[in-house]
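Visitor: Got a structure here, written out as structure tokens. Questions coming.
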Amino acid sequence: MMDIDSIIQGIAILALPVILAITMHEAAHGYAAKYFGDATAFKAGRISLNPAKHIDPIGTILVPAILFVVSKVAMGAGFLFGWAKPVPVNFSNLRHPKKDMLWVAFAGPGANLLMACFWALIIKLAMILPITELTKPMLLMGIAGIEINLILMVLNLLPLPPLDGGRVVESLLPHSLAYQFSRVEPYGMMILLVLLFSGVLGAIVLPMINFIKLIMVSFFGLYD
């Protein structure tokens, strides 16, 4: 039986962490690109903390909402997967295109790591404050924020074009190998979806996510 209240509460808890995670990730790419010489994203108005600039109606709203509801009903636990509108970057405009591509690629996952730390501090604050009607939502939102940002960070660092990790690999490879590697990009999302639905993706990223969470729990003192 579908628990409508549980689904609505789950979406309410997830909404802000998801929007902030996506917004900060994409804005960080645009800011890094501008810093290293490419103003494409800046001219397109994409270096912005306005979520509407980065939301893809299908990838950011429809697909995650359907997956969350279906997984909540079928498994009792909400599952999220989605994407935002990529920030436009013209790597040839960068002052040192091959070298600077690495830092532009790292900017998005780096922003997610910072956001995960922000949500860890929210959890710590909720643990310190007296228990009220506000502290439980803070705690749940903080947990969701860490999960979402670490998933985005680790997923995007996979060495698969067009993910950020793919850009990092391209930056580090010699020119001839980088070109051959970049030819995988048109098939990147298809490969990612196959890995996702086959369970291989979870087997790859979940141990890394759990390891980083353990470090964060220890560093921020998020013990019961």
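Visitor: Has segment 17-35 got any residue that is part of a loop (DSSP other than H, G, I, E, B), surrounded by 16 or more Cβ atoms within 10 Å (Cβ to Cβ) and at pLDDT 90 or above?
Guide: Among the residues of segment 17-35, not one is part of a loop (DSSP other than H, G, I, E, B), surrounded by 16 or more Cβ atoms within 10 Å (Cβ to Cβ) and at pLDDT 90 or above, which makes the answer no.
Visitor: Oh, and also: If I go through segment 172-224 residue by residue, how many of them are acidic (D, E) and more than 30 Å from K99 (Cβ to Cβ)?
Guide: 1
Visitor: Of the residues that sit in segment 109-136 and are outside any loop (DSSP other than H, G, I, E, B) and polar (S, T, N, Q), which one is nearest to K213 (Cα to Cα)?
Guide: In this case the residue turns out to be N112.
Visitor: Right, something else. For segment 111-128, give me each residue that is within 10 Å of the chain's Cα centre (by Cα) and surrounded by fewer than 21 Cβ atoms within 10 Å (Cβ to Cβ).
Guide: L113, the sole residue that qualifies.
Visitor: Looking only at segment 36-59, which residues are closer than 15 Å to A111 by Cα and either among the polar types (S, T, N, Q) or free of Cβ contacts under 8 Å to residues at least 12 places away in the same chain (or both)?
Guide: Across segment 36-59, the qualifying residue is only S48.
Visitor: Please indicate, with yes or no, whether at least one residue in segment 174-191 is farther than 16 Å from G110 by Cβ, crowded, with 18+ Cβ neighbours inside 10 Å and touching a residue at least 24 places away in the same chain (Cβ under 8 Å).
Guide: No.
Visitor: If you take the residues in segment 129-147 that are among the β-branched types (V, I, T) and modelled with pLDDT of 90 or more, which one is surrounded by the most Cβ atoms within 10 Å (Cβ to Cβ)?
Guide: The residue in question is I146.
Visitor: Would you mind finding the one in I146, I191, I215 that is within 21 Å of the chain's Cα centre (by Cα) and within 15 Å of L20 (Cβ to Cβ)?
Guide: I146
Visitor: Identify all residues within segment 91-108 that are of a type in the set (D, E, K, R), assigned to a helix (DSSP H, G or I) and surrounded by fewer than 19 Cβ atoms within 10 Å (Cβ to Cβ); write none if there are none.
Guide: K98, K99
The values are calculated or read from the model by the stated rules, or taken from the named source; none is laboratory data. Owing to the predicted nature of the structure, the values given are computational and were not obtained by experimental measurement. Cβ atoms come from the backbone with ideal geometry, glycine included; neighbour counts cover every protein chain shown.
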